[in-house]
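Worksheet for the structure shown next.
The values are calculated or read from the model by the stated rules, or taken from the named source; none is laboratory data. Every value quoted in this text rests on a predicted model; they were computed, and no experiment measured them. For neighbour counting, all protein chains shown are included, and Cβ atoms are generated from backbone atoms with ideal geometry for every residue, glycine included. Note: accessible area is taken over every heavy atom of the protein model, side chains too, but ligands, DNA and RNA are not part of it. Shrake-Rupley method; radii C 1.70, N 1.55, O 1.52, S 1.80 Å.
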Amino acid sequence: MDLDGPRLPSRLSAPEPGWTETADVVVVGSGIAGLTAALRLRGARPGDGTTPGPVGRIVVVTKDVLAAGSTQWAQGGIAAALGPGDTPAQHEIDTLVAGAGACDAEAVHVLVSEGPDAVRELIALGTRFDHDPDGELSLTREGGHHRDRIAHAGGDATGAEIQRALIAAVRRAPEIDLVEHALVVDLALDAAGATAGVSVHVMGEGQRDGVGLIRARAVVLASGGLGQIFSQTTNPAVSTADGMAAALRAGARLRDLEFVQFHPTVMYLGPDSRGQQPLISEAVRGEGAVLLDWEGERLMDGVHELADLAPRDVVSKTIMKRMLETGRPHMWLDARHLGVPAGRSGLASDEPDAPQAGAFWRTRFPTIYAALRSHGLDPVHDLIPVAPACHYASGGVHTDLYGRTGVAGLYATGEVACSGVHGANRLASNSLLEGLVFSRRIAEVLPAELSAELPEPVPDDRPAGLVAGGRLGELQETMTAHVGVLRSAVGLAEAATRLGKLAADRSDEVDLASWEATNLLTVATALTAAAIRREETRGSHWREDFPDRDDRRQAGHTEVRLADGLLDLDFHPAPATDERLP
């Protein structure tokens, strides 16, 4: 189905490359997915920091410093069947249920089956997960899980600890060249349309400065998500959909973009707050915190069998419904009883149990505790204002079980990809695991699939264009108002109209802000088109005009591609994958 509207840029306006270098593989992104791919491609194994792998030179390009991506911000942990009595089969069922029938069942099986060994490899690499007093791995529970299977580090600093261990391993690897402060502008293609490298803009001085071309035999996208499409998100500022947009312009397909997860418990900072917002991890509810309305009533009682630990889409919808019913801007999270004897909450600072509660927060949730205190709240004494905000893109660049995209030589892994494991709603703490597992799988097949010779890029004479970076706020406000948690045909049509006007208003400003705004506009337009097509409520996609799930008409996947600046959307029917579960 061809979509009407102004044409989107087929490539980004940019200066001609001022420098060129070559590599066997370019990895775009430096989170768990990107660094795992780089390490595995060079043949690294735990404890082996010197033996070269089958791939020669690997270049990792990252938009900021190595630790600036979303992995660093992951609080809850990484899910895997590692605990007594737990099995991959149980993890598989929880993942399929959370995904609301839209998961790829085979991909989910791969994730949960290979996950335990992948986490053990992280541990052997040097990741210091938390342990209980008996020396066993400390496992907790989050929304949608029926078992304690979330491994965490530093209390609520799991992502930061994983990032630390991976960066240390990469810095010990001489075959891996690191290029920081580098935005991928576009993918380079050869005459057959296969990947031939990437053009990047490096913000630095010396040999690599400004726009350059890195020729390569393969490219692995691990560039993260699209959170900055919305006014409020838990994602860092670098999450501007660069990889998704570049892949789309290169001929890859984006699948299931309408499934954007809105985390239910993001700290509410006021109606004018923009950008990255403080996340209150699901693990806080896993330790016993509960959601309350403004009357002090439990929000999740009677809504779902798991109550406050229901899947994220269920909790977010419940919060939003109560906000709409009452006109309140947020709901409350009550964690005042954590770390104190049963039956006590709302302690005064001079009560004897208050220091005990404070010590619990500083040990189990030091990052969250510091964020709350910086905003004048003490969770030992105060309720926490929370509201849903954009958290994770379950859709992305369509891949197979080995990270291959529809473009030869282009692979994708992590949040930029749609491997199929998340379906319509990601299960808590499966994101780090996905990046880990599927990056390992890319490394299994990529060396044998490398082109024999370095591909020759051909000139790209397709129409170029940009949207001014100053229009980003308008884009974000449009998406938040009309393509956020609650959607309707009227609102989505209004969003499509506004986005079309932005696309038609081209800019001559060639700079970072304009590149990012254009990438966000490209993916926002595709996301909105997919949301219009899906006339049902499923997982994180909530249509007030189609409030029910419709497996007869809507079970399947949306796919968007870009041809001559116009989006083409297809729908591929597929059976729901949560039927007949135990």
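At-a-glance table
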| quantity | calculated |
| --- | --- |
| Potential extension, ALA493-GLU16 segment - 0.36 nm per residue separation minus Cα distance | 168.0 nm |
| Rounded tilt (10° steps) of 32-41 against the dominant C-alpha axis of the chain | 50 degrees |
| Between helix 489-504 and the chain: long-axis angle, C-alpha atoms, 0 to 90°, nearest 10 | 40 degrees |
| Largest-first ordering by accessible area, 1.4 Å probe, given options LYS63, LYS501, LYS321 | LYS501, LYS321, LYS63 |
| Per-residue SASA entry for PHE546, accessible area with 1.4 Å probe, Å² rounded to 10 | 70 Å² |
| Spatially proximal aspartates and glutamates relative to LYS321 (Cα-Cα < 14 Å; intrachain offsets below 8 disregarded) | ASP293, ASP313, GLU544 |
| Gyration tensor (alpha-carbon) shape descriptor, the stretch 79-119, a/c threshold 1.5 | oblate |
| Two-site FRET efficiency, ASP570 against ASP548, from Cβ-Cβ distance with R₀ of 25 Å, rounded to 0.05 | 0.60 |
| Cβ-based net charge around THR480, under 14 Å, with every Lys or Arg adding one and every Asp or Glu removing one | -1 |
| Total formal charge among the other residues, if their Cβ is under 11 angstrom from that of ARG441, Lys/Arg +1 and Asp/Glu -1 | -1 |
| Neighbourhood charge, 11 Å Cβ-Cβ cut-off, centred on ASP382 and excluding it, Lys, Arg +1 and Asp, Glu -1 | 0 |
| Sequence-distant residues sharing a close amide H with TYR392 (under 5 Å, placed H) | GLN261, HIS263 |
| Where ARG7, ARG255 fall by accessible area, highest first, once all protein chains stay in place (1.4 Å) | ARG7, ARG255 |
| Cross-link reach list, lysines versus LYS501, counting only Cα pairs under 24 Å and skipping chain neighbours closer than eight places | none |
| For the stretch 21-173, convex hull of alpha carbons as volume per residue, Å³ | 133 Å³ |
| Accessible-area composition of the chain, carbon plus sulfur, in percent [1.4 Å probe] | 50 percent |
| Exposure of LEU475 as accessible area (Å², to 10), given a probe of 1.4 Å and all protein chains | 10 Å² |
| Heavy-atom accessible area per residue - the chain, 1.4 Å, Å² | 36 Å² |
| Aspartates and glutamates with Cα under 13 Å of LYS63, excluding same-chain neighbours fewer than 8 positions away | GLU180, ASP242, GLU516 |
| Under-5 Å amide H pairs with GLY197, H placed in peptide plane, nonlocal only | ALA188, ALA216 |
| Helix-only [θ]222 nm of the chain, DSSP H runs n ≥ 4, -39500 (n - 2.57) each, per residue, nearest 500 | -9500 deg cm²/dmol |
